[in-house]
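Let me begin by presenting the structure, written as structure tokens, before commenting on it.
Derivation of every value follows stated rules applied to the coordinates shown; laboratory data play no part. Since the model is a prediction, treat every value here as computed from it, not as a measurement. Reconstructed Cβ throughout: ideal geometry from the backbone, glycine too, with neighbour counts over all protein chains shown.
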Amino acid sequence: MDISDEMTRQAKQAVADFPNAHVFRNNGKDLSAVSGPWRRRLGIGEPLEIDFAFSFMVFQHIPSREIIENYVREVHRLLRPGALFKFQVQGCCNVAHEPQNSWVGVSFTEQEARRMAQECGFEMRHQYGAGDQYYWLWFFKK
């Protein structure tokens, strides 16, 4: 899933030989792209329950904590209980943050990551790289 036409085009080419792989262009605000009419065409019933979600080099570019937290809540909505969301955020606190700059997103400390996990219904079981650009978080749905 991506908001870029070019990235979704490339991804579709990359998974063309995998019939169970699906690529979606999303709106950049939520995960509504995976809860639309395509599910009925594929015979996927309600509710959609995902075992694992992964995000890399996406949230580190989002300059809004609220948007990142909304995505985390959206992933929580789609995961089955006990499932894992492994993702990476900006952890480097010494980066100049400009609200309109989508290259360097908002950074998270370990305390802020734990708060986000709790508020979004997750348990943060592991983290790696606090203070670095690649701050990895393992959130499990309660």
For 10-18, 81-89, 49-57, ranked highest to lowest by mean beta-carbon neighbours within 10 Å, the order is 81-89, 49-57, 10-18
Phi angles of region 115-126, converted by Karplus (6.51 cos²θ - 1.76 cosθ + 1.60, θ = phi - 60°) into ³J(HN,Hα) in whole Hz with x for Gly and Pro, give 4, 4, 4, 4, 5, 9, x, 10, 10, 7, 8, 8
Restricting to aspartates and glutamates and to Cα separations under 19 Å from Lys141, and discarding same-chain partners fewer than 8 apart, the set is Asp30, Glu46, Glu49, Asp51, Glu69, Glu74, Glu110, Glu112, Glu119, Glu123
